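Structure record follows, encoded as structure tokens.
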Amino acid sequence: MAAIHGTDTVPKSSVQLTIECKGLRNKDTLSKSDPTCIVQHKAKDGRWIEIGRTEKVMNDLNPKFKKQFTIDYFFEEVQDLQFLVYDVDTNSGRLEDQDFLGSLQTTLGSIVGSRGSCLTAALTGTKGQLEKRYGSIKVLAEEISSHAGDSIKLRLAGNKLETKDWMGKGDKYLVIKRQRGDGNFEEVHRTEVIKNSKDPAWAPIELPLAKLNLGRMDAHILFELMDWNNVTQHDFMGQVICTTNDLLTPRSFKIEKLKSKNPGKDRGELIVQFSELHHPPTFLEYVAGGCEITVMMAIDFTASNKTPSDPQSLHFMNPGGWNSYQQAIISIGEILEKYDHDKNFEAYGFGGKLPNGQVSHCFALNGDAANPSVRQVQGILDAYQQCLVNVQLYGPTNFASVIRAAHQAAKNVQPPRQAYYVLLIITDGEITDLDDTVDAIIAASGEPLSIVIVGVGPADFGKMHRLDGDDRALTSAMSGKKTQRDIVQFVAFRELKNNGPMLAKEVLAEIPQQLTSYMKSKNMKPMPRPAVSSQWDAQVQQQMANMNLNDAPTPAAQAPHHAPAAAAPAPAPVQQPPPPAAAPP
């Protein structure tokens, strides 16, 4: 089983890829093609690096390859993959000596984000042409279970424990330590003190295996039995050394004190009354089970951005490249798009004066308040560019309205449906309705929603860091209420302006944990992975037949290409319901 692993970040999960093809072209005269599949990933310098090759399947145009590939999966990164299918008729390992059968370029995110984490697509030629039939490919992604993501639940007790107290039975507690790679032990947990008892029963505990043993079930665990003293140093009463595997069934361990004058003395027992391995569901399990991820985007139309016709404006449409807003939309939107099943984004603006003279802090970019959705990232770019024509940049910079709109959408998700919303706010200025925004975030923190704020331009974003509750829970200045969970992430765009992949990584890294924490808070388990039709190849070919091949559209599995446009045609005026009036900046 081949594997590829990241080097500069900690992997969130590992997935196993299984590949099969149908309807491959026959390149042999007296028999059928002997296909093999080469899997490649794109390195940072743009080169395609081979991960590995499947076995060669003899005389089969519908191969189901047995060899699988293990890849570290990072939600927040674009991981480009390429699948090349060849008919291998010689012993040469050189691809140019073999017959090309078809290829697919896609991303790991596209595979994971497909229905059931199973991508089916048409194979294409070397230049992506669709006028020929190259057959179909299916790539299934399955998360590899890792004990490091699990936890162990324990209920521990003591029996006839030794004491050093003259007048009582002793006040016992346990210190649990893990053995590090250098052989030393470090503390990972300390129980409460049970007063005056030789037979203490400590409260149940749950320890993540990543903390207890880094997922290594045979690593040594040390239990130190301590006798608490009010004035003098606490007394070491003995220890137990075992492995996590030893703890998986109820049993007892003799307390030992090897360096004492009487090491064989009966010092009582440590009893494992209850033990259970607990597997918390992962982000991939929710996505594979059909959890819908819906993306909402809100763009800052305040006057501090400067007039769009000014080359110094953050909204300036440069015919030769993207402005800061467009860069952020593309870098982040293209990753989130892979997980949005219908590829529709709700796109809003805030802080702009509409053609009717009203200032709105939540208006549809496409001008349709009843249906603010646009198609794919390109739809956001088009609507944004057109909106700049007839919406006057105004102010102030208020977030609360768009957050409440996202809150309301997320609130409408009712079980058994599983869905999660991501609101991306792109802004250039310091927030002016901080207290109202904090209250809106607190109210939304119990719903299936994450809020990502990207600050563009040179402004002081000091207040934004307060909204990002990594260090402490957001607290309302008016009510004293706190967030139920951290749902906000802030990133300053200027720090990562020239590194789109790193920008996306910083912005999106917390979303998988935020999604799973919400599901856990509602006790929602992942839904069963939906079955993939046995006729998947016919469905792919039918989709191909329905395409206008003369237009040669980009295959769905390919990453979209966005070309900067010169000037947007004058669109119809934005039609919005009259919003409440707002004070000018």
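Here are some notes:
- Any chance residue 444 is surrounded by 24 or more Cβ atoms within 10 Å (Cβ to Cβ), among the hydrophobic types (A, V, I, L, M, F, W, C) and more than 24 Å from the chain's Cα centre (by Cα): no
- Among the residues making up the stretch 252-295, those that are open to solvent by less than 50 Å² (accessible area, probe 1.4 Å) and assigned to a loop (DSSP other than H, G, I, E, B) are 255, 257, 260, 267, 268, 280, 281, 282, 289, 290, 291.
- Positions within the stretch 216-251 being within 42 Å of the chain's Cα centre (by Cα), closer than 20 Å to residue 160 by Cα and loosely packed, with under 15 Cβ neighbours inside 10 Å, in sequence order: 250, 251
- Annotation note: Cβ proximity below 6 Å between a residue of the stretch 57-69 that is over 16 Å from residue 86 (Cα atoms) and a residue that is surrounded by 14 or more Cβ atoms within 10 Å (Cβ to Cβ) and not basic (Lys, Arg) (sequence gap 6+ or interchain) occurs for 68/16; 68/18; 69/2; 69/17; 69/39; 69/51; 69/52.
- Verdict on residue 501 being surrounded by 12 or more Cβ atoms within 10 Å (Cβ to Cβ), at pLDDT 75 or above, of a type outside the set (Phe, Trp, Tyr) and under 18 Å from the mean Cα position of the chain (by Cα): no
- Which numbered condition residue 91 fails, given (1) at pLDDT below 90; (2) in a strand (DSSP E or B); (3) more than 29 Å from residue 512 (Cα to Cα): (2)
- Yes/no for residue 410 being free of Cβ contacts under 8 Å to residues at least 40 places away in the same chain and at negative phi: yes
- Considering residues of the stretch 440-470 that are in contact with a Leu (Cβ under 8 Å, 6 or more places away or on another chain), modelled with pLDDT of 90 or more and part of a helix (DSSP H, G or I) only, the residue nearest to residue 521 (Cα to Cα): 442
- Residue 349 vs. criteria closer than 25 Å to residue 294 by Cβ and either charged (D, E, K, R) or in a strand (DSSP E or B) (or both): yes
- Residue that is farthest from residue 115 (Cα to Cα) [pool: residues in the stretch 248-288 that are among the aliphatic types (A, V, I, L, M) and modelled with pLDDT of 95 or more]: 255
Here is a yes/no grid of residues against (1) open to solvent by 30 Å² or more (accessible area, probe 1.4 Å); (2) under 19 Å from residue 447 (Cβ atoms); (3) touching a helix residue (DSSP H, G or I) at 6+ places or on another chain (Cβ under 8 Å):
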| site | (1), (2), (3) |
| --- | --- |
| 483 | no, yes, yes |
| 490 | no, no, yes |
| 495 | yes, no, no |
| 507 | no, no, yes |
| 515 | no, yes, yes |
| 518 | no, yes, no |
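- So residue 20, is it in a loop (DSSP other than H, G, I, E, B), under 29 Å from the mean Cα position of the chain (by Cα) and crowded, with 18+ Cβ neighbours inside 10 Å: no
- So residue 463, is it open to solvent by 10 Å² or more (accessible area, probe 1.4 Å), in contact with a Ser or Thr (Cβ under 7 Å, 6 or more places away or on another chain) and farther than 30 Å from residue 109 by Cα: no
- Restricting the stretch 58-112 to residues that are small (Gly, Ala, Ser) and open to solvent by less than 30 Å² (accessible area, probe 1.4 Å), the residue that is nearest to the chain's Cα centre (by Cα): 109
- Identity of the residue in the stretch 354-374, part of a strand (DSSP E or B) and out of contact with any helix residue (DSSP H, G or I) (no Cβ under 9 Å at 6 or more places or on another chain), that ends up surrounded by the fewest Cβ atoms within 10 Å (Cβ to Cβ): 368
- Only listed residue being modelled with pLDDT of 95 or more and either within 31 Å of the chain's Cα centre (by Cα) or not polar (S, T, N, Q) (or both), chosen from 389, 402: 402
- Of all residues in the stretch 396-439 being of a type in the set (Ser, Thr, Tyr) and assigned to a helix (DSSP H, G or I), the one that is most open to solvent (accessible area, probe 1.4 Å): 401
- Selection of the stretch 201-215 for residues being of a type in the set (A, V, I, L, M), touching a helix residue (DSSP H, G or I) at 6+ places or on another chain (Cβ under 9 Å) and open to solvent by less than 30 Å² (accessible area, probe 1.4 Å) yields only 209.
- Residue in the stretch 183-200 that is open to solvent by less than 30 Å² (accessible area, probe 1.4 Å), hydrophobic (A, V, I, L, M, F, W, C) and over 29 Å from the mean Cα position of the chain (by Cα) present: no
- Contact map, the stretch 511-524: residues that are under 12 Å from residue 286 (Cα atoms) and in contact (Cβ under 8 Å) with a residue 24 or more places away in the chain paired with residues that are open to solvent by 10 Å² or more (accessible area, probe 1.4 Å) and in a helix (DSSP H, G or I), Cβ distance under 7 Å, separation 6+ or inter-chain. Pairs shown: 512/283; 515/283; 516/283.
The values are calculated or read from the model by the stated rules, or taken from the named source; none is laboratory data. Predicted model, so just to flag it, every value in this text is computed and none were measured. Positions of Cβ are backbone-derived with ideal geometry, glycine not excepted, and every protein chain shown enters the neighbour counts. We work out accessible area using only protein heavy atoms, side chains counted, and drop any ligands, DNA or RNA first. Shrake-Rupley method; radii C 1.70, N 1.55, O 1.52, S 1.80 Å.
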